Every structure is written in C-alpha cells, then in structure tokens.
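**Student:** Have a look at this one.
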Amino acid sequence: MTDGARRRVLAEFLRTRRDRVQPADAGIPAGPRRRTPGLRREEVAVLSGVSVTWYTWLEQARDITVSRQVLHSLAGVLRLSPAETRHLFDLAGHTLPRSTGGDFDGRALRRLVDALDPHPAYLLAPNWDLLARNRAETGLIGDPADGSVSEHNLLRLVFTHPRIRTLLVDWPGQARALLEQYRAGADRHTGDPAFERLTAGLYRESDEFRSWWETHDVAEFRPARRTFDHPRLGRLTFDYVKLAVVDAPGVTLVSCLPADGRTAAKLPELSRCAPHPTTEPGHFDDH
C-alpha cells in the first residue's frame, strides 16, 4: 500500500469510527438540531487535545505527522477496541505491540513443542530465553550423562557453556550469526532491562561476544543448517525453521528438521538421550 493510499484508508477509518460514537457516550448533549450521527470533527479534536484544523487534515488524508500519544488519545475518544487501536496505529505508520494478557495460555504451545518430538523443538522469548523445549532438544543440547546444561537463555548457552563449543560444528560461524540476529532485536529494544542485563553479562564474560558486538553487524533469521558432533550419536545435521506465535508477541517456535537420512534415523535415540521428560525453563508471564 502506498503512503497516499494508507492515509486515505486511515481517514475513512477515522470517519467511520467517529460516526459510531454517540455524543452522550462522550459527555456531549445531543441537542435538538444535531444532524451528525456521531461526533463532529471539532468535538473529536477538542476531546483528543489537538487543533480542529489538524484533525480535519487528518480526515482529509493530508501528509501530516501523527504521534503515538495522539493516536492513543484518539483511540480513547473514539472508544476503539484493542484490534481497532492496533489497526489505527498500523495505518498511521506506528507499531503497537500485541497484548498477551487475558486468555492466552502457554500450555497449548508447550504441548505443541512436545508433540513435535522426536524432532528437536523449543520456544524462544524475545530476549532469547528458552521458554520450553522437548525431549529431543534436551537430548541434543543437554548433557546426556547428567543433564548438567541448565542455562535458560539460548545466547548465554552458546557463548558461555563449554559443551556447546564442541557440540556445534563451526561454532564461530554459528555463534556470530546468532549474535547478529540478537543484535537486531536488542537494538529495537534499547532500554529494555532484560536485554540490557543479558548484553552486559555476555559482554563481560565472552571475548568473542565483546569483539563481534563492537562491529554492530545485524541480521534477520533465515532458515539455517546446523551440524552437531553429538557425544553419543555422532554427526547430526538439522535444518532450522522459525515460526512466529501470533498470540504471544515476540515468542517464536523453532523446529529442527533432519537434513539427511542418517540424522533422521537417529531421531528416536536422540529423544532417549534426554535426562528428563520435558524441560520447561521459562514462563510466558515474564515476557
């Protein structure tokens, strides 16, 4: 959609929402001579704290700047639902994070992760915390002998756990690719305490993280192939696929598909390497 088309859709959306609001709902007497079915433009402007001229331009689809604060005010005056508010922000060129409150239940996602076994799968929070992983994933990245890998953040696991350096074939290339993906997300969440703590800790603890972080290189996720030297099962190669979870903003489901027949044949044994039935390290309520 072009900018001009988007502004026209925004203008029409505002007009239809304005017509829907009854004056009494906004504390305005209807009056005997009132012809407008809903609120007048000047009333919306006054109630939203903007000038009548500016709001008129907005409904005329003129090229003007609309702040997030004004959008929140308009959403309140026009009594928009959460879906309508998100639509308003999208049309105005802003992003409004989805809410995870209410009826979202992470247990269904955990059951999905478990159902993907014997294919390794896990749920990842925006700050790369591992929210859940199935038996196959635990058998892949956990210590089959004693389950000593208890780190709950994937990036910390990659950069600070000695086992992962020997498990991942081409650890430097894989680790740097993951860091560049994390960097893109961290820059979008500047000031977020979860990201700040993770970045600061890795910056102190890992020479490689510190060196690569300074380059400011960023990347988006692309389907990737990773090869592992598993201590029990030998060489394993997986194609990684990442799916966004619509009702949990920022949460992603990562599934690992065998890239060759030898890996596929070893999948049942990989699940049996897991020391515990299912690992659920994180909580959706925290993100």
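**Student:** Please give the net charge around LEU39, taking every other residue with its beta carbon less than 15 angstrom from that of LEU39, where Lys and Arg add +1 and Asp and Glu add -1. Don't skip to the answer; put the middle values down first.
**Tutor:** Details: positive: ARG15, ARG17, ARG18, ARG20, ARG34, ARG35, ARG40, ARG41, ARG79; negative: ASP19, ASP25, GLU42, GLU43, GLU59.
Net charge in that neighbourhood comes out at +4.
**Student:** Also, I was wondering about something else. Run the helix sum for the chain: -39,500 (n - 2.57) per DSSP H stretch of 4+ residues, divided by residue count, reported at 222 nm to the nearest 500 deg cm²/dmol. Present the calculation step by step, with values, prior to reporting the outcome.
**Tutor:** Numbers: 13 runs with 134 residues, N = 287.
Mean residue ellipticity, 222 nm, calculated: -14000 deg cm²/dmol.
**Student:** Kindly provide log₁₀ I(q)/I(0) values, in the same order as q = 0.12, 0.18, 0.19 Å⁻¹, from the Debye equation applied to equal alpha-carbon scatterers of segment 3-91.
**Tutor:** Rounded to two decimals, the profile gives -0.33, -0.75, -0.84.
**Student:** Separate question: With charges only on Cβ, +1 for K and R and -1 for D and E, what is the dipole size of segment 3-91 about its Cα centre, in debye, rounded to 20? Intermediate values should be presented prior to the final figure.
**Tutor:** Values: 16 positive and 10 negative charges, 45 e Å.
Its charge dipole is roughly 220 debye.
**Student:** Tell me the relative contact order for the chain as a rounded percent, counting alpha carbon contacts under 8 Å between residues six or more apart.
**Tutor:** Relative contact order for the chain comes out at 20 percent.
**Student:** Here is a further query. Which entry in [x] 17.2; [y] 18.7; [z] 20.9 is this structure's computed mean projected area of the Cα convex hull in nm²?
**Tutor:** Working out mean projected area of the Cα convex hull in nm² from the coordinates points to [y].
**Student:** Measure of size requested: the Rg and Dmax of segment 166-210, with Cα atoms as the atom set and Å as the unit; please supply both.
**Tutor:** 11.5, 34
**Student:** Assign unit charges at the C-beta atoms only (+1 for Lys and Arg, -1 for Asp and Glu), then state the dipole size of segment 160-287 relative to its Cα centre in Debye, rounded to the nearest 20. Write down the numbers at each step before the final one.
**Tutor:** Numbers: 17 positive and 19 negative charges, 130 e Å.
Rounded to the nearest 20 debye, it is 620 debye.
**Student:** Can I ask one more? When the dipole is taken about the Cα centre of the chain, and only Lys, Arg (+1) and Asp, Glu (-1) are charged at their Cβ, what size is it in debye, to the nearest 20?
**Tutor:** Numbers: 40 positive and 38 negative charges, 218 e Å.
Dipole about the Cα centre, nearest 20: 1040 debye.
**Student:** So for segment 194-263, averaging the separation of alpha carbon pairs under 8 Å that are six or more residues apart and normalising by length, what relative contact order in percent results? Walk me through the numbers before you get to the answer.
**Tutor:** Details: 74 pairs, mean separation 14.2, N = 70.
Value for segment 194-263: 20 percent.
**Student:** Hey, can you rank 7-16, 119-128 by average C-beta count inside 10 Å, highest first? Write out the running numbers ahead of the final one.
**Tutor:** Values: 7-16: 16.4, 119-128: 22.8.
Highest mean packing first, the order is 119-128, 7-16.
**Student:** Mean-square fluctuation check for the chain, GNM, Cα pairs under 10 Å: which of THR138, THR227, THR65 is largest?
**Tutor:** Of THR138, THR227, THR65, the most mobile in the Gaussian network model is THR65.
Coordinate-derived values only; no laboratory data. This is a predicted model, so every value here is computed, not measured. Neighbour counts run over all protein chains shown; Cβ positions are idealised from the backbone, glycine included.
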